[in-house]
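The values are calculated or read from the model by the stated rules, or taken from the named source; none is laboratory data. Since we're looking at a predicted model, the values are computed, not measured. These area figures cover heavy atoms from the full protein model, side chains too; ligands, DNA and RNA do not enter into them. Shrake-Rupley method; radii C 1.70, N 1.55, O 1.52, S 1.80 Å.
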Amino acid sequence: MAYISASGSSTRCRITNMSDDGAALDVPDASFIPNCFQLMTERDRIVRTCRIVWIKQNRIGVEFEVKEQLQSRIENGSFYSICVTLIGSVRRLCRTARN
């Protein structure tokens, strides 16, 4: 299980497939999910910034943001989103280092 968060609201979803670059998520209604959002996994509590790349009924495919995308956010002044994404990246690196 995971949670999608955007604009002060959240929605529960189920992760059906996940990689380092993105995930497939089952959501209650794909039409209510914004193009960009934060995803927090219930198990490890890592927050990832996501962008929808495909939709098929109530399943969405998302891409996790990378450095180049963060740079555009820096230039646009979205400091909070940058911090959340960086924290998620550091947590992933720490988890990988432990394994």
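In order along segment 36-42, the phi-based Karplus estimate (6.51 cos²θ - 1.76 cosθ + 1.60, θ = phi - 60°) of 3J(HN,Hα) comes to 10, 7, 9, 10, 10, 7, 5 Hz; Gly and Pro are listed as x. For S9, the solvent-accessible surface computed with a 1.4 Å probe is close to 70 Å², ligands and nucleic acids excluded. What are the ³J(HN,Hα) couplings of segment 47-64, residue after residue, when phi is run through the Karplus curve with 6.51, -1.76, 1.60 and θ = phi - 60°? Round to Hz, x for glycine and proline. Listing the rounded values in order: 9, 10, 7, 10, 9, 5, 10, 7, 9, 9, 6, 9, 10, 10, x, 10, 10, 7 Hz. In this structure, the amide hydrogen of I46, modeled 1.01 Å from its nitrogen in the peptide plane, lies closer than 5 angstrom to those of T41, counting only residues at least 5 positions away or on a different chain.
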